[in-house]
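Q: Here it is: the structure, laid out below.
The values are calculated or read from the model by the stated rules, or taken from the named source; none is laboratory data. Please read all numbers here as calculations on a predicted model, not as lab measurements. Here the Cβ positions follow ideal geometry from the backbone for every residue, glycine too, while neighbour counts run over all protein chains shown. With ligands, DNA and RNA removed, areas are computed over all heavy atoms of the protein, side chains included. Shrake-Rupley method; radii C 1.70, N 1.55, O 1.52, S 1.80 Å.
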Amino acid sequence: MKVVLQNLTKIFPSRDKKSGQEVIAVNDFNFEIPDGKLVGLLGPSGCGKSTTLYMICGLQKPSGGKIFFGEDDVTELSTENRGIGLVFQNYALYPHMTVKQNIMFPLQNLKGKDKLTKEEMFDRTLNAAKLVQIDELLDRKPSELSGGQQQRVAIARALVKMPRVLLLDEPLSNLDARLRLQTREEIRRIQRETGITTVFVTHDQEEAMSISDIIVVMKLGVVQQIGAPQSVYDDPKNLFVAKFLGTPPINVLEGKVSGGKIYIGDEAVLEVTNVDDQDIYIGIRPEGIEPNENGVLTCNLSSVEVMGRDSSVISTHPASLNPIVRAIINSDIRIDTSAQTIKYNIKPHKFFIFNKETEERIYYEVK
Amino acid sequence: MVENKQQWKAWLYLSPAIFLLLVFTVWPIINTLRMAFLNGYGNMAAIGGATFEFGIDNFLKVIEYKQFLQCLQNTAILCVATVPISTILALLIAVALNSIKPLQKTLQTIFFLPYVTNSIAIGMVFAAMFNIVGLKQGSNIADTWGIINNVIQFFGGEPINWINAGSSYVANMAVMVVYIVWNALPFKILILLGGLQSINKQYYDAAKVDGTPKGRVLTRITVPLLSPMLAYVIITGFIGGFKEYSSIIGIFGDKMGPADAAGRLNTMVGFVYDALARDRQGRASAAALILFAIILVVTLFNNKVIKKHVHY
């Protein structure tokens with residue numbers, strides 16, 4: 001089931017009557033989620049990602065625009081008639097019911113021709129439980145489960161009525177770091193096995209990048225970029241997206257274009273064509289700079305962090321907007337830490353420049 | 001040494017409270033036990049120099065006393081009828097109150113008003129509302145005076161003699177049930193509303209996503225999640241019910257019944273007071289202990305039943 005969002009907009013009326021400032025939580029969102037894909041809505045808090053999810057699920061009404069499931073316009077349809085499964089951030093498992101009762105609950109609500117017999121209900125409950133590997137725990141209460149197990153129960157409850165679309169609100173935020181890794185693989189597996197179009201919300205870019213087919217980066221209600229995780233990472237449309245994706249984060253420096261050369265401070269680091277002279281922001285991925293005696297960029301060396309496979313070279317530069325300039329290099333490369341400065345060479349495909357006012361990407365060609 | 005000194009200080013600070021508790025709580029309890037087990041004990045007689053033997057005569061007297069069985073029956077009926085009715089009504093009102101946004105605070109205040117109103121005054125108002133069918137003062141025209149009978153007549157029904165001379169026991173009890181339920185509502189609504197507001201909204205969102213009908217949301221989600229509060233209002237409701245007394249006074253006056261059947265609506269507490277008024281402290285104490293035992297047993301039973309159904 002593909003999901004189409006058409007000019008989707010959500011405006012919250014102002015809470016403070018005096019200022020009369022309304023909040024545009026989601027602004028003109030256009031997107032077609034292909035059938036059977038796992039989509040991550042990604043952005044910092046307050047970017048409208050959860051609002052978008054709740055509009056898809058129907059718990060919030062859009063102020064404008066339309067939502068289609070396949071060919072059906074579901075914009076005016078109430079939540080229960082949309083055929084969605086929703087996993088809440090805090091799971092919202094009914095504390096007084098056992099795991100079995102929790103999973104079975106949505107089935108017991110079915111009416112008319114969809115009504116199931118007790119055996120059918122139990123079969124589907126068991127199947128859903130098996131899918132998320134909690135069939136051993138059916139008689140436990142939620143309070144007797146770990147966070148990860150509760151998460152699985154919540155997913156089973158969302159899947160048991162075979163929804164057209166599965167929605168997950170911050171599915172991993174309540175889990176500890178280790179469980180998070182495990183669970184995100186689990187979500188990926190369940191999604192693959194069921195083939196249900198799935199949308200999830202997260203503020204953790206690593207989480208979104210690692211399991212999504214498509215990520216949607218949002219900021220202040222506006223979609224910044226949509227694409228496969230790697231392509232968004234490799235080809236950010238603006239400074240916000242470049243900064244938001246990637247751990248460790250991208251190095252951002254001030255610079256300028258002058259006479260076909262990109263300058264950081266007094267050093268010309270790259271010769272380019274078809275870019276007008278202007279002040280710019282420069283984003284360089286940590287893996288986009290490598291130490292080289294004849295390098296073009298000179299930084300003040302601070303320290304080297306060894307992480308096993310890689311090393312992180314920490315240095316500073318007066319034009320840097322971040323406190324440090326970080327380079328990730330193969331740990332086989334030895335750095336003389338007694339030196340005051342270090343010179344880097346630049347990999348142009350990891351080197352992005354942005355307009356200083358609009359922060360939009362400026363595309364250049366290397367001379 | 002330091003520790004000893006501090007202990008001494010602690011006892012010093014506690015002493016006013018302990019003194020008051022000993023005098024006004026512990027001693028009366030002990031004295032009740034003592035009086036209950038002294039055959040035929042009465043304060044006046046004791047002052048007069050009479051001595052009393054130890055025994056269970058007081059208890060036997062209480063149980064043999066016909067009036068006592070009537071009191072027990074009245075109390076039990078009132079409890080069994082009013083606690084479920086008021087709890088269910090309070091639950092429905094609380095759920096309704098919780099689901100509306102405008103006027104919620106105003107309605108909350110209105111529903112809470114009976115709680116801060118004097119119960120004797122309320123009783124007098126109820127007595128007026130349920131008043132007799134009879135002759136209008138100074139004329140020979142038959143008419144009704146109470147608004148309830150007026151309403152019944154308006155809809156073409158026969159007026160009922162609710163509380164006046166010649167009224168039936170059933171009618172009397174019906175009035176008492178209505179009055180006690182109405183009186184008990186505000187406290188229960190307040191407790192349940194507080195409980196409702198502390199239930200996580202996500203449970204309801206989850207139920208909505210699953211298309212749960214309203215009735216099922218109430219019985220399968222709201223009531224179980226509210227069960228600790230429900231248990232509390234039920235247990236305190238029964239305890240309050242067994243101590244029912246002033247509500248009867250409020251409607252029927254200290255005769256505890258219609259003019260032609262005084263004492264018909266008397267309760268356990270009323271029985272204790274009556275015994276006290278007749279200088280039968282021994283009998284009153286025995287009756288009080290019996291009442292205590294009944295409340296204890298009922299509460300233990302309640303606890304046991306509730307434990308199975310309450311989810312903390």
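Q: Kindly provide the set of residues from the range B:142-178 that are in contact (Cβ under 8 Å) with a residue 60 or more places away in the chain and outside any helix (DSSP H, G or I), ordered by number.
A: Filtering the range B:142-178 down to residues in contact (Cβ under 8 Å) with a residue 60 or more places away in the chain leaves B:163-167, B:169, B:172-173, B:175-177.
Of everything in the range B:142-178, those that are in contact (Cβ under 8 Å) with a residue 60 or more places away in the chain and outside any helix (DSSP H, G or I) turn out to be B:I163, B:N164, B:A165, B:G166, B:S167.
Q: Which one of the conditions (1) among the charged types (D, E, K, R); (2) open to solvent by less than 60 Å² (accessible area, probe 1.4 Å); (3) free of Cβ contacts under 8 Å to residues at least 24 places away in the same chain; (4) within 14 Å of chain B (Cβ to nearest Cβ) does A:R157 fail to meet, given that it meets all the rest?
A: Every listed condition holds for A:R157 apart from (3).
Q: Which residues, taken from the range A:111-120, are within 13 Å of another protein chain (Cβ to nearest Cβ) and over 12 Å from B:R216 (Cβ atoms)? Write out each step before concluding.
A: First pass over the range A:111-120, keeping only residues within 13 Å of another protein chain (Cβ to nearest Cβ): A:111-112, A:114-115.
Listed by number, the residues that qualify are A:G112, A:D114, A:K115.
Q: With the condition being in contact (Cβ under 8 Å) with a residue 60 or more places away in the chain, within 11 Å of chain B (Cβ to nearest Cβ) and under 22 Å from the mean Cα position of the chain (by Cα), I'd like the strands (runs of 3 or more DSSP E) fully within the range A:10-105 carrying at least 3 qualifying residues. Steps first, answer last, please.
A: On the way: elements: A:23-33, A:38-42, A:64-69, A:84-87.
Once the strands (runs of 3 or more DSSP E) in the range A:10-105 are filtered for at least 3 residues that are in contact (Cβ under 8 Å) with a residue 60 or more places away in the chain, within 11 Å of chain B (Cβ to nearest Cβ) and under 22 Å from the mean Cα position of the chain (by Cα), what remains is A:84-87.
Q: Scan the range B:288-297 and tell me whether some residue there is modelled with pLDDT under 90, surrounded by fewer than 16 Cβ atoms within 10 Å (Cβ to Cβ) and either assigned to a helix (DSSP H, G or I) or not polar (S, T, N, Q) (or both). Reasoning before the result, please.
A: Of all residues in the range B:288-297, those modelled with pLDDT under 90 come to none.
No: zero hits.
Q: Among what's in the range A:235-276 and is assigned to a loop (DSSP other than H, G, I, E, B) and over 16 Å from the mean Cα position of the chain (by Cα), pick the residue that is nearest to A:E207 (Cα to Cα).
A: Filtering the range A:235-276 down to residues assigned to a loop (DSSP other than H, G, I, E, B) leaves A:235-237, A:245-250, A:259-260, A:265-266, A:274-276.
Filter once more, keeping what is over 16 Å from the mean Cα position of the chain (by Cα): A:250, A:259-260, A:265-266, A:274-276.
Details: A:I250: 17, A:G259: 42, A:G260: 39, A:G265: 36, A:D266: 39, A:N274: 37, A:V275: 36, A:D276: 38 Å.
My answer is A:I250.
Q: May I ask you to list the residues in the range B:97-128 that are surrounded by fewer than 13 Cβ atoms within 10 Å (Cβ to Cβ) and within 15 Å of B:L190 (Cα to Cα)?
A: Scanning the range B:97-128 gives B:S99, B:K105, B:T106, B:T109, B:I110, B:L113, B:V116.
Q: Which residues, counting only those in the range A:230-245, are open to solvent by 10 Å² or more (accessible area, probe 1.4 Å), under 16 Å from A:G40 (Cα atoms) and without any contact (Cβ under 8 Å) to a residue 60 or more places away in the chain?
A: Within the range A:230-245, A:Q230, A:S231, A:Y233 meet the criteria.
Q: Need a quick list: helices (runs of 4 or more DSSP H) entirely within the range B:1-70 having at least 1 residues that are at pLDDT below 90 and not acidic (D, E).
A: On the way: elements: B:2-21, B:27-36, B:43-47, B:57-64.
Counting at least 1 such residues, we get B:2-21, B:43-47, B:57-64.
Q: Quick one: in the range A:316-354, which of the residues that are outside any helix (DSSP H, G or I), open to solvent by less than 40 Å² (accessible area, probe 1.4 Å) and not hydrophobic (A, V, I, L, M, F, W, C) is nearest to A:D277 (Cα to Cα)?
A: A:S320
Q: Could you list, in sequence order, all residues of the range B:206-244 that are in contact with a Cys (Cβ under 9 Å, 6 or more places away or on another chain) and acidic (D, E)?
A: Result: B:E244, single match.
Q: Out of everything in the range B:196-248 that is out of contact with any helix residue (DSSP H, G or I) (no Cβ under 9 Å at 6 or more places or on another chain) and assigned to a helix (DSSP H, G or I), what residue ends up being nearest to the other protein chains (Cβ to nearest Cβ)?
A: B:Q202
Q: Assess whether A:Q224 counts as being in contact with a Phe, Trp or Tyr (Cβ under 8 Å, 6 or more places away or on another chain) and more than 16 Å from A:E170 (Cβ to Cβ).
A: Values: in contact with a Phe, Trp or Tyr (Cβ under 8 Å, 6 or more places away or on another chain): yes; more than 16 Å from A:E170 (Cβ to Cβ): yes.
Against the criterion (in contact with a Phe, Trp or Tyr (Cβ under 8 Å, 6 or more places away or on another chain) and more than 16 Å from A:E170 (Cβ to Cβ)), A:Q224 qualifies.
Q: Scan the range B:190-205 for residues that are buried (at least 17 other Cβ atoms within 10 Å of the Cβ) and closer than 10 Å to B:N98 by Cβ and report the count.
A: Residues flagged as buried (at least 17 other Cβ atoms within 10 Å of the Cβ) and closer than 10 Å to B:N98 by Cβ within the range B:190-205 amount to 4.
Q: When you check B:A142 against the structure, is it at pLDDT 85 or above and among the small types (G, A, S), yes or no?
A: Details: at pLDDT 85 or above: no; among the small types (G, A, S): yes.
No, not satisfied.
Q: Do we find that A:S210 is among the hydroxyl-bearing types (S, T, Y), under 11 Å from the mean Cα position of the chain (by Cα), part of a helix (DSSP H, G or I) and closer than 22 Å to A:E287 by Cα in this structure? Explain how you work it out, then say what you get.
A: Working: among the hydroxyl-bearing types (S, T, Y): yes; under 11 Å from the mean Cα position of the chain (by Cα): yes; part of a helix (DSSP H, G or I): yes; closer than 22 Å to A:E287 by Cα: yes.
Here the answer is yes, as A:S210 does meet what is asked.
Q: What is the residue count in the range A:247-269 for residues that are in contact with a helix residue (DSSP H, G or I) (Cβ under 9 Å, 6 or more places away or on another chain) and open to solvent by less than 10 Å² (accessible area, probe 1.4 Å)? Break it down into steps so the answer makes sense when it comes.
A: Going through the range A:247-269, the residues in contact with a helix residue (DSSP H, G or I) (Cβ under 9 Å, 6 or more places away or on another chain) turn out to be A:247-252.
In the following step, the residues that additionally are open to solvent by less than 10 Å² (accessible area, probe 1.4 Å) were identified as A:250-252.
Going through the range A:247-269 one residue at a time, the tally reaches 3.
Q: Which number in (1) open to solvent by 30 Å² or more (accessible area, probe 1.4 Å); (2) more than 16 Å from B:A184 (Cα to Cα) marks the one condition that B:G253 misses?
A: That leaves (1) as the condition not met.
Q: Here's something else I'd like to know. Of the numbered conditions (1) under 24 Å from A:T197 (Cα atoms); (2) open to solvent by 30 Å² or more (accessible area, probe 1.4 Å), A:F12 satisfies every one except a single condition; which is it?
A: Here A:F12 clears every test but (1).
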